[in-house]
Amino acid sequence: MRLPGVARFDYIPGEMKQTIVMYGNPVLREKSRVVEQVDDTIRTLARDMLDTMYAHEGVGLAAEQIGRTESMCVIDVTGAKPRPGRAPEPAPAMPMPVVMINPKITAMDGSQVGPEGCLSFPEVYVNIRRAATVRASWMDLDGKMQEADASGLLARAIQHELDHLEGVLLVDRMSVAQRVAVAGKLKRLKRGE
Ligand SMILES: [Zn+2]
């Protein structure tokens, strides 16, 4: 369901991509800080985050992942590759890409299990259980409050990115067995290899 008033954000692709912070960097464990006001710094950060996300073919990116602590994430699920044997994704409930400032999940329902990755954990894909639908609220780049319901991959992406803003990472959502299975990769990431 698309709620009224979710404005399209016209993103103009640029070259301002930043290096992605990898698992093991302490900034990924920081709690984000509330953005009080949308200014040029925030607008530039949003563009940098989008450029970086697209350059790495991600569907979402949180500010911590480029070493920043503003409460901000960007999401675009339209580039996700369809998975054979899985139902097609519902159309996203809001125009893509979306820049979410100070996002909150105000309601969640149901559950879904599906493969999840993270640009800060390259080559790690694990099945993670998430809520099937979420209602999210956030501030947009015009400083206006927005609210929308999301399901499918978009709901998963919102939950993943909001975890980042709390310093919670993919590894924290894994079962013990999953963590054991990717322990070698995690160790190499932490060593910066
Ligand atoms: Zn991530």
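The values are calculated or read from the model by the stated rules, or taken from the named source; none is laboratory data. Just so it is clear, the model here is predicted, and its values are computed rather than measured. Cβ sites come from the backbone with ideal geometry, for glycine too, and all protein chains shown count toward neighbours.
Scanning the stretch 113-128 for residues that are at pLDDT below 95 and hydroxyl-bearing (S, T, Y) gives a single hit, Y125. Against the criterion of being closer than 30 Å to K187 by Cβ, modelled with pLDDT under 90 and charged (D, E, K, R), K31 does not qualify. Restricting attention to the stretch 76-92, does a residue exist that is more than 15 Å from Q159 (Cα to Cα), hydroxyl-bearing (S, T, Y) and crowded, with 20+ Cβ neighbours inside 10 Å? No, because not a single residue in the stretch 76-92 is more than 15 Å from Q159 (Cα to Cα), hydroxyl-bearing (S, T, Y) and crowded, with 20+ Cβ neighbours inside 10 Å. Report whether or not N25 is buried (at least 16 other Cβ atoms within 10 Å of the Cβ), in contact (Cβ under 8 Å) with a residue 12 or more places away in the chain and at positive phi. The answer is no for N25.
Looking for something within 16 Å of the ligand (Cβ to nearest atom) and either in contact (Cβ under 8 Å) with a residue 24 or more places away in the chain or crowded, with 16+ Cβ neighbours inside 10 Å (or both) - is there at least one such residue anywhere in the stretch 141-152? Full working, then the answer.
Taking the stretch 141-152 and keeping what is within 16 Å of the ligand (Cβ to nearest atom), we get none.
Scanning the stretch 141-152 turns up no residue that is within 16 Å of the ligand (Cβ to nearest atom) and either in contact (Cβ under 8 Å) with a residue 24 or more places away in the chain or crowded, with 16+ Cβ neighbours inside 10 Å (or both).
Restricting M94, M174, M100 to those that are touching a residue at least 24 places away in the same chain (Cβ under 8 Å) and more than 16 Å from the ligand (Cβ to nearest atom) reduces the list to M94. Total residues in the stretch 60-106 satisfying the condition of being at pLDDT 95 or above, more than 18 Å from M139 (Cβ to Cβ) and hydrophobic (A, V, I, L, M, F, W, C): the figure is 1. Summed over the stretch 175-192, residues that are within 23 Å of the chain's Cα centre (by Cα) and β-branched (V, I, T) total 1.
Residues of the stretch 173-193 that are β-branched (V, I, T) and closer than 14 Å to E123 by Cα: V182 alone.
So which residues in the stretch 118-140 are in contact (Cβ under 8 Å) with a residue 60 or more places away in the chain and either part of a strand (DSSP E or B) or of a type in the set (D, E) (or both)? Scanning the stretch 118-140 gives E123, M139, D140. Based on this model, can you work out whether E64 counts as touching a residue at least 12 places away in the same chain (Cβ under 8 Å), among the acidic types (D, E) and on the phi > 0 side of the Ramachandran plot? In short, no. Among the charged types (D, E, K, R) and either in contact with a strand residue (DSSP E or B) (Cβ under 6 Å, 6 or more places away or on another chain) or within 16 Å of the ligand (Cβ to nearest atom) (or both), is that true of D51? Answer is no for this residue. Selection of the stretch 157-171 for residues being away from the ligand (no atom under 11 Å from the Cβ) and either assigned to a helix (DSSP H, G or I) or of a type in the set (A, V, I, L, M, F, W, C) (or both) yields only I158.
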